[in-house]
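The block underneath contains the structure these notes are about, expressed in structure tokens.
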Amino acid sequence: MESLLLHLRDFNFNSVVLRLLLAFLSGTVIGYGRARKRRSAGLRTFILTSIGAALTVLLATYEYEMLCGPWASVVEEVGLKFDGSRYSAQVISGVGFLSAGTIISIGHQQVSGLSTASGLFASVCMGMAAGAGFYECVIVVLIILVLVLDVMWPLEPAFKRRLRNITIFVEFNSLEDLNDISDVVRSRGAHIYDIEIERSKREKDKYPCAILILKMSREKPSHSGMLSSIAELDCVRVIHELIS
């Protein structure tokens, strides 16, 4: 078993095929979970980035093997220097532009795509590890990414709703109604950190709206209770919690 592992760590045809297949499998597992949630970067994106990263490391390894082998006489004659780590550095820099394209602002101080961007970055690094033959690392990271992106995904909103901090979007009839809304918030023992006024884009900007950042009291930390109390006001037209 140990001899087989050593053979697969060497640079040969069998190890190259295994590394590419491992990068493909890793990208497939992560990309399938993202595609199932209809994220901007789905199955094929994660597969291509993972395989591309693995191929980059394999290319660096191939050039090093050739420079130390068949091309050694030329290298000695011209004094060529080679640094394989530059390939990996350029991959990490390049994936930053790809990841940035998945991050978009969806309004009301909410940003979408951060998990997808970080998942792409992790997938690229995982592909680089596969290309380098660091098999144990790839398997462990794959398990961790599946746990973070798939298993923990439905638990995150429930966790955020148990926090004392809450961000609320409220649409109401007129700016004078903001005082009534603030009174209801304070009556439940909550502290208002910030209020940002904006105009709704519906019905020719007829109704104003606001984003309230609150800190709930220890005695009444219920997010649903706060939303219900504000929604009972006649002046409130729309209200919902903002969860990034």
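Values in this text are rule-based calculations from the coordinates and carry no lab data. Computed from a predicted structure; not experimentally measured. Here the Cβ is made from the backbone with ideal geometry for all residues, glycine too, and neighbour counts use every protein chain on show.
Considering all alpha-carbon pairs of the range 19-92, what whole percent are spaced by more than 18 angstrom?
53 percent
Dividing the alpha-carbon radius of gyration of the chain by 2.2 N^0.38 Å (N being the number of residues), what value is obtained?
Against the compact-globule rule of thumb, the ratio is 1.48.
Relative to the present Cα-Cα distance, how much length would full extension add between residue 64 and residue 38 at 0.36 nm per residue of separation?
Full extension from residue 64 to residue 38 adds 5.3 nm.
With each run of n ≥ 4 DSSP H residues scored as -39500 (n - 2.57), what mean residue ellipticity at 222 nm is computed for the chain after dividing by its residue count and rounding to the nearest 500 deg cm²/dmol?
The per-residue figure over the chain is -18000 deg cm²/dmol.
How much length would be gained if the chain were fully extended between residue 215 and residue 3, taking 0.36 nm per residue of separation minus their Cα-Cα distance, in nm to one decimal?
70.3 nm
Figure the gain on full extension for residue 71 and residue 198 (residue separation times 0.36 nm, minus the Cα-Cα span) and round it to one decimal in nm.
39.1 nm
Taking θ as phi - 60°, what are the ³J(HN,Hα) couplings along the range 53-65 by the Karplus curve (6.51, -1.76, 1.60), each to the nearest whole Hz, with x for Gly and Pro?
Computed from phi, the couplings for the range 53-65 are 5, 4, 5, 5, 5, 5, 5, 4, 5, 4, 5, 5, 5 Hz.
If packing is taken as the mean number of other Cβ atoms within 10 Å per residue, what is the order of 10-19, 43-52, highest first?
43-52, 10-19
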